[in-house]
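First up is the structure itself, then whatever we jot down about it.
The values are calculated or read from the model by the stated rules, or taken from the named source; none is laboratory data. A quick note: this is a predicted structure, and the numbers were derived from the prediction, not measured. So basically every Cβ, Gly included, is an ideal-geometry build from the backbone, and we count neighbours across all protein chains shown. With ligands, DNA and RNA removed, areas are computed over all heavy atoms of the protein, side chains included. Shrake-Rupley method; radii C 1.70, N 1.55, O 1.52, S 1.80 Å.
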Amino acid sequence: MISTLGRIMAVLTAMFSVAFMAFAVSRWMTVPDWASEARDLEGFVLTRTEGETPSWSASTRRTQESVATSTNMAEVLEKMYQRAKADVDQQVQEYEMDIPGLEQELAESREAIEEDSQAVKVRSEALVARLTEMDDEVNRLTAEMEREKAEAQKIQEERERRRGDVFRIREQLGQIEADSFRAKQLQEQLTDMIRRTKGSVVKLQSRNRQVQESIN
């Protein structure tokens, strides 16, 4: 890029030099159209002073700096070409002075780009590795979640089964309590019968003694 800029500046300098030489030659060989040539120099303003001896003045368009004043327009135009060439030469010189610094900046930029490229590569590889780890972790957690889901389903089924067992046990307990109540009633009835039977035995024994005594 810097070398291309230098070549462009050199070409511009050569072009202005050739144009100046062509102007100098055409001045003596032909009658040039000074006004048209003056308009081609866009960086300058050419004014004409009216009067008994008309004169032409040229100044830079940007800074309004005076370049030349003369009654001969060719001389003014020649000064304009000289000033344009001097400006271009100065710009080329400034660009050439900037070339070493720009080349150094370009070299540093290339080194920085290379370092950044390496860093980006390393970072990219690290991110890819991390992404792979995250995918593996997601797969592991998904599998674990499926296992836990299946386990929870089993637990739910076991709870439902045990709940059914509790209902059945409660029904059996109710039946047992009813049987126990009936057994207690039977025990009370049997106890009462035994008590009455014992009373009858006592009565019979007493009657038997009475009968024995009567016989004796």
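A convex hull fitted to the Cα coordinates of region 43-102 yields 65 cubic angstrom per residue.
Remark: region 85-135 carries a charge dipole of roughly 320 debye about the Cα centre, counting +1 on each Lys and Arg Cβ and -1 on each Asp and Glu Cβ. Averaged per residue, region 60-141 has 77 square angstrom of accessible surface, using a 1.4 angstrom probe with ligands and nucleic acids left out. Our Cα-only numbers for region 108-216 put the radius of gyration and Dmax at 45.2, 152 Å. Per-residue SASA remark: Ser206, around 40 Å² accessible (1.4 Å probe; ligands, DNA and RNA not included). Going by accessible surface with a 1.4 Å probe and the largest first, Asp87, Asp179 read Asp179, Asp87. Heavy-atom accessible area, probed at 1.4 angstrom with all protein chains present, ranks Thr142, Thr71 as Thr71, Thr142, highest first. Could you tell me what percent of the accessible area of region 132-216 is made up of carbon and sulfur, with a 1.4 Å probe and every protein chain present? Whole-percent figure for carbon plus sulfur exposure: 55. In region 151-216, a dipole from Cβ-located charges (positive for Lys and Arg, negative for Asp and Glu) runs towards its positive end, and of Met193, Gln210, Gly164 it is Gln210 whose Cα lies farthest in that direction. For Met97, the accessible area of its heavy atoms, probed at 1.4 Å with every protein chain present, is near 140 square angstrom. Taking all protein chains as they are arranged and a probe of 1.4 Å, the heavy atoms of Arg48 leave approximately 110 Å² accessible to solvent.
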